[in-house]
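Data first, discussion second: the structure below is written as structure tokens.
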Amino acid sequence: MSVQTSSDRPHHQATPFDIVDSPDPQSRVRSAPRPGEDPYPTRLSEPLDLPWLSRHEPVVKGHDGEGPLSAAQLDAFERQGFLFEPDFLTGDELDELRRELKVLLENDAYRGRDFSITEPRGNEIRSLFAVHFLSKVFGRLTHDPRLTGRARQILGGEPYVHQSRINYKPGFEGQGFNWHSDFETWHAEDGMPAMHAVSASIVLTDNHAFNGPLMLVPGSHRVFVPCLGETPEDHHKQSLKTQEVGVPSREALRRLIDRHGIEAPTGAAGGLLLFDCNTLHGSNANMSPDPRSNAFFVYNRRDNRCVEPFAAGKRRPRFLAHAPDEAWTPED
């Protein structure tokens, strides 16, 4: 079975309450926005009368004949909002990335810099952003046809790197991440207009149940959950350590999880997790002695480049949100 391209998909006729893509048949979701209206309002002062809004973009825009992913894999991504491929990288290629990870984490010149995020209660590096500019090894990887081909296939257009980073969750010390949709943040604070982005996470250390693997809510990508609370100035300085603004309500989470559950792909180093920009995800603290790390690349479609933020006073720094074809250095 082939996945329809955006041109093949039938045009959906909006009704007063569009429930076609709702993960809960008992829940009504708001239909198409009025002309000029933000289809994904968030960071609100008061909650809407509905728990979530309908998604307006197709999930998969490409076709199985246009890249490395099969029709079955694209169907799984369409249905779940993510796809895990074990053993994506192995052998010397994986070893090189693990060595490069160690070099980057031990580089004292990066400590104390705005693109280097430490643990909320410690000095261990939690995330190192703009890694494809900091490292030639990771820079080559972002442009690897195995990744860009998958991104192009899902997005249905030419991708560019909106964001890159390495995440590191040290043994015993690594704290978790609250439930969130990346698109909610990128829309609110970076100005990403629509859901035409996909994240590629390459596991660099073995992931198991006890070292804080990424958890996802399958099917949550089909709706947008508006969040409460005005975006504070320079919110990224706090949110990259512990996010409190831009997280869905517990009621919305409960209803989505009750219906779809939670999945946490685990496995050996070298696996690839692809997930839709709007899939709700989070992680627990690392309760084991084993560190957990991954390389994380966000591919946005070129015609979806960011504009002014939709729910923040100014754009976040460039190390968090790159424009197509731009260059960046640690001095920027």
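The values are calculated or read from the model by the stated rules, or taken from the named source; none is laboratory data. What you see is a predicted model; the values in this text were computed from it and never measured. With ideal geometry, Cβ positions are generated from the backbone for all residues, glycine too; neighbour counts draw on all protein chains shown.
If the condition is being among the charged types (D, E, K, R) and either outside any helix (DSSP H, G or I) or crowded, with 16+ Cβ neighbours inside 10 Å (or both), then segment 134-179 contributes D144, R150, R152, E158, R165, K169, E173. Residues that are of a type in the set (G, A, S) and either under 16 Å from P68 (Cβ atoms) or over 12 Å from the mean Cα position of the chain (by Cα) (or both) within segment 144-193 comprise G149, A151, G156, G157, G171, G174, G176, A188, G191, listed in sequence order. If you go through segment 48-81 and keep only what is among the hydrophobic types (A, V, I, L, M, F, W, C) and in contact with a helix residue (DSSP H, G or I) (Cβ under 8 Å, 6 or more places away or on another chain), you end up with W52, V59, V60, L69, A71, L74, F77. Consider segment 40-70. How many of its residues are touching a strand residue (DSSP E or B) at 6+ places or on another chain (Cβ under 8 Å) and either more than 19 Å from A188 (Cα to Cα) or without any contact (Cβ under 8 Å) to a residue 40 or more places away in the chain (or both)? Count: 3. Taking (1) in contact with a helix residue (DSSP H, G or I) (Cβ under 9 Å, 6 or more places away or on another chain); (2) within 20 Å of V298 (Cα to Cα) in turn, A130 satisfies each apart from (1). Looking at segment 118-127, which of its residues are under 18 Å from the mean Cα position of the chain (by Cα) and either free of Cβ contacts under 8 Å to residues at least 24 places away in the same chain or crowded, with 20+ Cβ neighbours inside 10 Å (or both)? R126 - this is the single residue of segment 118-127 that is under 18 Å from the mean Cα position of the chain (by Cα) and either free of Cβ contacts under 8 Å to residues at least 24 places away in the same chain or crowded, with 20+ Cβ neighbours inside 10 Å (or both). Of everything in segment 203-216 that is assigned to a loop (DSSP other than H, G, I, E, B) and in contact with a Pro (Cβ under 9 Å, 6 or more places away or on another chain), the residue that is surrounded by the fewest Cβ atoms within 10 Å (Cβ to Cβ) is T205. Out of G229, G271, I need the residue that is over 18 Å from F177 (Cα atoms), buried (at least 21 other Cβ atoms within 10 Å of the Cβ) and over 15 Å from the mean Cα position of the chain (by Cα). Which one? From the options G229, G271, the qualifying one is G271. Can you name every residue in segment 217-237 that is more than 20 Å from T279 (Cβ to Cβ) and assigned to a loop (DSSP other than H, G, I, E, B)? Result: G229, E230, T231, P232, E233, D234, H235. Condition check for E308 on (1) closer than 21 Å to F224 by Cα; (2) buried (at least 20 other Cβ atoms within 10 Å of the Cβ): one failure, at (2). Go through the residues of segment 71-84 one by one and say whether even a single one is touching an Asp or Glu at 6+ places or on another chain (Cβ under 6 Å), part of a helix (DSSP H, G or I), surrounded by fewer than 18 Cβ atoms within 10 Å (Cβ to Cβ) and of a type outside the set (D, E, K, R). The answer is yes; a qualifying residue exists. Taking first residues from segment 85-98 that are surrounded by 13 or more Cβ atoms within 10 Å (Cβ to Cβ) and partners that are among the polar types (S, T, N, Q), the Cβ contacts under 9 Å between residues at least 6 apart in sequence or on separate chains come to E85/Q73; R98/T205; R98/S293. Identify the residue in segment 102-124 that is outside any loop (DSSP other than H, G, I, E, B) and under 14 Å from K237 (Cα atoms) and, among all such residues, is modelled with the lowest pLDDT. The selected residue is T118.
Quick one: is R292 free of Cβ contacts under 8 Å to residues at least 24 places away in the same chain and either under 16 Å from T185 (Cβ atoms) or not β-branched (V, I, T) (or both)?
no
Restricting A200, A130 to those that are closer than 24 Å to S239 by Cα, crowded, with 20+ Cβ neighbours inside 10 Å and in contact with a His (Cβ under 8 Å, 6 or more places away or on another chain) reduces the list to A130.
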